Amino acid sequence: MLKNFEELSPVAIDCLKEIGNIGSGNAASALSAMLSKPVTMHVPDVRVLDYQAAIDEVGGPEKVITGILVTFKGDIKGMIMFLLEDAFAKIVVNTFMGKDNVDVLKMDETDFSAVKEMGNIMGGSYLNALAALAGFTVSMDVPSMTVDMMGAIMNAPMTEFSEVGDKVLFIDDGFIIDGVSINSSIILIPEMESLDILMKKLGVN
C-alpha cells in the first residue's frame, strides 16, 4: 500500500494528470454554461510538492487568494482545494451582479455565495470525472470558501491530513474566461488508502 505521495510512479502521475485533464474539461464546460462566456482550460501540470513549495508556487504565504475547500467521501475520501486569483471572483461577480471594480476582500454575502457556487460546480466536475473513470461512488460536502493569505488558507489541509506527510498533489491548470487569462491551482489531498484504491482500480502500480 502507498505510504505517501513520493511513492507514486511516473505512470501513476500520468494517470492523475489525465484525470486532471478530464476534470478540467468538465469544469470548463460547466463554468462556460453558468457564466454564458467561453471558457478554456490550460493543460494541467501535476506535481508532488511539499506544502511550502505549493505555497511558494502560488505566490508565497502573503499572497491573497480565494480558496475553496471541497471535502469528498464515499468509495474514496479526501479534499480538493481550489486556489483562484482575484480575477476569477471579479469575473463571476461582474457576470452575475453586474458589479465592476470588485474588491475580493470586501465582497458582500451575495457576491461571496456566487463565487462559492462556481467552486461547488468545479469541485463536482472533478469528482464526477474521477468517479466515472474508476466506477466509484463519491459525494462531496458543501464547499467552504475563504479569501485570505495563502499561508493561512493552507492551514486547514495541513492540519487535517498531516498523517499522509508533508506532500500534496499540486495541479497547476489555469483557464481563460472570455479572453481573460486566470492563474489557478488545485491541491488534491486524498487519503493514502483512497489513493491506493484508486490506482489499483485503474490498473496502475
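Which condition number does residue 203 fail, the rest of (1) modelled with pLDDT under 85; (2) under 14 Å from residue 70 (Cβ atoms) being met? Here residue 203 meets the rest and fails (2).
Residue pairs whose Cβ atoms lie under 8 Å apart, sitting 6 or more positions apart in sequence or on different chains, and linking a residue in region 103-125 that is in contact (Cβ under 8 Å) with a residue 40 or more places away in the chain and hydroxyl-bearing (Ser, Thr, Tyr) to a partner that is in a helix (DSSP H, G or I) and buried (at least 17 other Cβ atoms within 10 Å of the Cβ), are 125/23; 125/26; 125/27; 125/30.
For residue 152, indicate whether it is modelled with pLDDT of 85 or more, over 13 Å from the mean Cα position of the chain (by Cα) and among the small types (Gly, Ala, Ser). Don't jump to the end; show me each part of the working.
Values: modelled with pLDDT of 85 or more: yes; over 13 Å from the mean Cα position of the chain (by Cα): yes; among the small types (Gly, Ala, Ser): yes.
Answer is yes for this residue.
Among the residues of region 116-134, just one is surrounded by fewer than 22 Cβ atoms within 10 Å (Cβ to Cβ), within 16 Å of residue 34 (Cβ to Cβ) and either touching a Leu at 6+ places or on another chain (Cβ under 6 Å) or hydrophobic (A, V, I, L, M, F, W, C) (or both), namely 121.
Can you name the number of the only condition in (1) under 17 Å from the mean Cα position of the chain (by Cα); (2) under 25 Å from residue 47 (Cα atoms) that residue 115 fails? With respect to (1) under 17 Å from the mean Cα position of the chain (by Cα); (2) under 25 Å from residue 47 (Cα atoms), residue 115 is out only on (2).
For region 96-115, which positions are within 20 Å of residue 149 (Cα to Cα) and surrounded by 17 or more Cβ atoms within 10 Å (Cβ to Cβ)?
Here is the first cut: in region 96-115, the residues within 20 Å of residue 149 (Cα to Cα) are 102-109, 111-113, 115.
Scanning region 96-115 gives 102, 104, 107, 111, 112, 115.
Applying a threshold of 7 Å to beta carbon distances and a minimum spacing of six or more residues, or different chains, the list of pairs starting in region 41-55 at a residue that is within 27 Å of residue 177 (Cα to Cα) and part of a helix (DSSP H, G or I) and ending at one that is modelled with pLDDT of 80 or more and among the small types (Gly, Ala, Ser) reads 55/151.
Is it the case that region 20-30 has a residue that's crowded, with 17+ Cβ neighbours inside 10 Å, in contact (Cβ under 8 Å) with a residue 40 or more places away in the chain and more than 28 Å from residue 204 (Cα to Cα)? Yes, some residue in region 20-30 is crowded, with 17+ Cβ neighbours inside 10 Å, in contact (Cβ under 8 Å) with a residue 40 or more places away in the chain and more than 28 Å from residue 204 (Cα to Cα). A single member of 71, 66 is farther than 22 Å from residue 180 by Cβ, under 17 Å from the mean Cα position of the chain (by Cα) and polar (S, T, N, Q), and it is 71.
Within region 84-105, one or more residues are on the phi < 0 side of the Ramachandran plot and in a strand (DSSP E or B).
The values are calculated or read from the model by the stated rules, or taken from the named source; none is laboratory data. Note that the structure is predicted; figures quoted are calculated from it, not measured. As a convention, Cβ positions derive from the backbone with ideal geometry for all residues, glycine included, and neighbour counts pool all protein chains shown.
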